[in-house]
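As C-alpha cells, the structure follows; a few thoughts come after it.
The values are calculated or read from the model by the stated rules, or taken from the named source; none is laboratory data. This structure is a prediction, so every number in the text was calculated from the model and none was measured. Methodologically, a virtual Cβ is constructed for each residue, glycine included, from the backbone with ideal geometry; neighbour enumeration extends over all protein chains shown. The protein model used for the area step is the full one, side chains on, heavy atoms only, and it has no ligands, DNA or RNA in it. Shrake-Rupley method; radii C 1.70, N 1.55, O 1.52, S 1.80 Å.
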Amino acid sequence: MAVLTGIAAAALAPTAPALAEPLWPNGPNVPGAPAIIPTQAPCSPAARACLRLSSNEVWLMDDGKVTYGPTPMSHGMQGFETPPGVFHVAFKELYHWSTMHNAPMHYAVFFNGDIAFHIGPVEHKSHGCIRLTEPGAIAVYHYLNPGDVVEVVP
C-alpha cells in the first residue's frame, strides 16, 4: 500500500512545464507549442541568403541548412519589381542614406546594384529593395559578407 501511495503522490506532484524548441532559429520560446523549425528553404546549398518573393520570406543558410528564418520581408511593387536570380553581396553599410529616395537604409546589405536588404515596413512594397523587420535586418547584416550568394526565387 505504501508503494502505491508513493507512486500516486509522484504522479500528482507538480512538475516544471516542458519547454518547446524555438518556432524558428533565434525565434521565441512558446511553452507548449511544438517545434516548427524549417529544415529547408527553396534555394540551393550555395545560397547564404534565400528570398521567396511569393511568400515574403527570407532565410539565412549555411551549406543548405537554415540558420535563421524564415523572417518576414517585403519587396518591389509593380513597376519596381525585385528580380529573381542569383546575386552576390557587393557591400554593406550600417547607416546608408538613399540619395534616390532621400531616405535612411539602416543595416543595408547591397546584392543587386541598388537593391539591398534594410530595415523598413514589411507591410508595404518597396522600390525594389528587401525591407526587413529590425531583428531580421540586423541578423542579415551581421551574417552576410561581400561575395556571399543571395538567391531570389519567385
Table column - 3J(HN,Hα) (Hz), the stretch 75-80, Karplus curve with 6.51, -1.76, 1.60, x for Gly and Pro:
9, x, 7, 4, x, 9
Write out the GluC sites (Glu not before Pro) in the stretch 50-105 meeting two conditions: DSSP loop, and at most 16 other Cβ atoms within 10 Å of their Cβ.
Glu81
Quick check: with the 1.4 Å probe, what order do Val149, Val109 take by accessible area, largest first?
Val149, Val109
Amide H contacts of Ile130 (H built 1.01 Å from N, under 5 Å, at least 5 apart or other chain):
Ala116, Phe117, His118
Within 13 Å, Cβ to Cβ, of Lys125, how many net charges do the neighbouring residues add up to if Lys/Arg are +1 and Asp/Glu are -1?
-1
